[in-house]
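Only one structure is covered here, and it is reproduced in the block below.
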Amino acid sequence: MTTHARVEEGQIQGTAANRVDGSLVIVLLACLLPYINLGPLSAPSQVQPWAGVLAWIWFGFRSAKYGLHISRTQVAFLLFALYFMVNVYGGDNFDLGIYLRRSGTFLLSAGIFLACQYLTPATLWRALKIALPIWFAFGALRYVSSSIYYTIVTPLVPTVVVSAARGSSSLSPEATDFGFTMVALLVLCMVTRRCLTRQGIQAEKWPIGLAIASAFLSLSGAGYMGLALVGLIYVLTGRAGRIVTLGRAMLALFLAAYVAVMISMVPEGTVRGIDLLRTSIQNPDELLDTTILYRVVHNVVGVLGAIDSGYLGYGAGSFRTMAPAVYFSHDLEGVFGLTGHYAMKVPITLATAPLSQFALIMLEFGAVGALYLVFVSIFALRSRIPFKAAAVAVLFFAWMASFPAGWPPFWIIIGVMMSPHFVAREPNDARSPEANFLR
């Protein structure tokens, strides 16, 4: 390819990346407001299936008009999703609803990354500028009038937790979902704004500020830890991995001072997020005696379940039945020294719902599930989007926590990594993201 051809191709790609697709904005809004329950597809999984359905419809119409485009990487994702659908648990207490929500959701969510491969920074930026003010408005309303807030939100999010002791949940079931969703949207804002800036487009800063402010409104430990993690990565990596600049060093000092002041001024037991930060700094060993313990045990159960099943897994829908059996057969209560509250509650959570997608995938799908996790990790790590480290951290944190596999922001990030419009190409590099991943 000649230099003139490369320049012309770059101009064409830049023009395409500046276009806003209004129909795709609608799909993205369904993905960025995932907990709203509307119509016959409302589900108790706390994640609106409309996001995946609309994405599949959009992808189908586009494929019918312009032709089908699926890369080898996307085919691999789809094959894993199909395997998760057919490898079904055959024992007692099988629940079809749980199977469809936790196993079928992989295939449903595939529509999101298939649609997002055509995503441009301009389109995503438009969707973020619509979604973030909505999140912030409902988050702030919780503090203006909690009665009005719950009256409006409960019909939209029937599973919302009514609690005066927790922070705002905005348009999600509880504060944790709100806080960490804002962290995910913050990373999407950072990635998108960087891409727009590289195209010479002036992008506003207020969406980033709104995402951070919303995370603070949640008073969520997960939200605060997510902000701290993204902030630390931002300070350490900088632009394209350069050494920390003076400005970033000053930002790090400001954040450290802010955290120190918050910890010293906020009474213990007032804000859960501050309590977790205080514990992580003053007595990190005691973190295991918080709700983090549940996730540690669940992940250990997931690994042991894969081993006990002969690395075949017990099949989709088996977690609620087999996880407690694995827990008791290995005497994990004694291994972790659980007593009192945790000795009673941990087995109950195992029989209710997985608090880690890693645990679920390992226990239900064994070696194939482990291969899938490795595949997703390699794909994410070899992607070439701006702020890749922060995006990978959000993906990892989401599945280490209790966010379900159908949580749409996860798949938007995967889709952004597949879109050629978000690739931070080096000069004279004409390789596609897939070619870079598979080379």
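Values computed for the structure shown
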{"quantity": "With all protein chains modelled, accessible area of Ile208 [1.4 Å, Å²]", "calculated": "40 Å²"}
{"quantity": "Anisotropy class of the range 60-205 from Cα gyration tensor, a/c 1.5 cut", "calculated": "oblate"}
{"quantity": "Rounded accessible area of Trp58 (nearest 10 Å², 1.4 Å probe)", "calculated": "30 Å²"}
{"quantity": "Exposure rank, largest accessible area first [His421, His330, His298, His69; 1.4 Å]", "calculated": "His69, His330, His421, His298"}
{"quantity": "Estimated vicinal HN-Hα couplings, Hz - the range 383-394 in sequence order (Karplus 6.51, -1.76, 1.60; Gly, Pro = x)", "calculated": "5, 10, 8, x, 6, 4, 4, 5, 5, 5, 4, 5"}
{"quantity": "Which of Trp56, Trp206, Trp407 is most accessible, then next, and so on - probe 1.4 Å", "calculated": "Trp206, Trp56, Trp407"}
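The values are calculated or read from the model by the stated rules, or taken from the named source; none is laboratory data. Here the structure is a predicted model, which means the values were calculated and not measured. Ligands, DNA and RNA are excluded from the accessible area calculation, which covers all protein heavy atoms including side chains. Shrake-Rupley method; radii C 1.70, N 1.55, O 1.52, S 1.80 Å.
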